[in-house]
Amino acid sequence: MSADKSDILKKMRESEAIYVLMSDCTRLPFVVCDPETYDDEVFIFFSEQDAMQAGQEYIKENQPLKIFKIENKYMLSFYSSLFPIGVNCMVVGKGTEEETSVQLGELVRRPVPKPGEEPVENPELQLTAMYFMQKVRIQKNMEMTEDLQELQEELMAHYQKGRYITAVGEDKQMPVLTKKDGQVLQPVFTDVQEFLKFQNENKDKKFTMGLVDAGRIPELLLPDTTGIVVNPFGVDLQLNVSRPQA
């Protein structure tokens, strides 16, 4: 490892704070696929000014971005949160003299779970949904381009293979969310951190986690629901899933 990269890794661990480009389309880090390496990248900076300057490139492409400051005590949690969303690379200081690409595994190592104790995660679905939403939510006329159709097909293929977390209330019932357009949707979650976002938004209620494979989700839908919403406080991916016919 080069001395320069060692210095960058040290700063990523010890800086008072880092600044991350966040997407308003997904409420998650803004992600880009490198055309040469095919790395799925997010952007990290050591100063807010550098983050603002680099973000202008994407804002000009109509990408709605925010700059999120992460203090040192939360940095490890942030880095670890990139695993469940399928990100493998961090571009540090894009556009500056110290611009460096860091593989996530170079900075953070996850403990290997024991057989049967693997966490419920769906990184392929999360990542594809992030790319899809970053594209579809900036369109004014919601035109389904060929690129979007391919992403949607990939997204659905990942969804159908997945295993998900559900929220179960103290009354043993699953909650529903009513959207502005009148749709009544049941939430499901790709991983624990997305479930915790839901719980934090509903602090007056207590939920426990259930587990369900995609193929069984229709059986769990309540009569008045019109579908499901995956990660309602993240990518907010709404899918038309119907109850099985009696």
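Determine whether region 108-120 contains at least one residue that is β-branched (Val, Ile, Thr), part of a loop (DSSP other than H, G, I, E, B), closer than 23 Å to residue 198 by Cβ and in contact with a Ser or Thr (Cβ under 9 Å, 6 or more places away or on another chain).
The answer is yes; a qualifying residue exists.
Among the residues that make up region 166-174, is at least one of them surrounded by 14 or more Cβ atoms within 10 Å (Cβ to Cβ) and in a helix (DSSP H, G or I)?
no
Among the candidates 126, 134, which residue alone is touching a Cys at 6+ places or on another chain (Cβ under 8 Å) and part of a helix (DSSP H, G or I)?
None of the other options fit; the residue is 134.
Could you run through region 218-239 and say how many residues are more than 22 Å from residue 27 (Cα to Cα) and assigned to a loop (DSSP other than H, G, I, E, B)?
Going through region 218-239 one residue at a time, the tally reaches 6.
Name the single residue that is surrounded by the most Cβ atoms within 10 Å (Cβ to Cβ) among those in region 15-46 being among the polar types (S, T, N, Q) and more than 17 Å from residue 59 (Cα to Cα).
Within region 15-46, the match that is surrounded by the most Cβ atoms within 10 Å (Cβ to Cβ) is 15.
Filter region 190-246 for residues that are in contact (Cβ under 8 Å) with a residue 12 or more places away in the chain, basic (Lys, Arg) and over 16 Å from residue 176 (Cβ atoms) and give the result.
Residues satisfying the conditions are 197, 206.
Restricting region 114-142 to residues that are surrounded by fewer than 12 Cβ atoms within 10 Å (Cβ to Cβ) and among the basic types (Lys, Arg), which is nearest to residue 63 (Cα to Cα)?
140
Restricting to region 176-192, what's the tally of residues that are surrounded by fewer than 18 Cβ atoms within 10 Å (Cβ to Cβ) and not in a strand (DSSP E or B)?
The total comes to 7.
Looking at 215, 210, which is the one that is open to solvent by less than 30 Å² (accessible area, probe 1.4 Å), among the small types (Gly, Ala, Ser) and not in a loop (DSSP other than H, G, I, E, B)?
Numbers: 215 fails: open to solvent by less than 30 Å² (accessible area, probe 1.4 Å).
Selected residue: 210, the only one of 215, 210 that is open to solvent by less than 30 Å² (accessible area, probe 1.4 Å), among the small types (Gly, Ala, Ser) and not in a loop (DSSP other than H, G, I, E, B).
The values are calculated or read from the model by the stated rules, or taken from the named source; none is laboratory data. In this text the structure is predicted, and so the values were computed from the model without any measurement. Positions of Cβ are backbone-derived with ideal geometry, glycine not excepted, and every protein chain shown enters the neighbour counts. The protein model used for the area step is the full one, side chains on, heavy atoms only, and it has no ligands, DNA or RNA in it. Shrake-Rupley method; radii C 1.70, N 1.55, O 1.52, S 1.80 Å.
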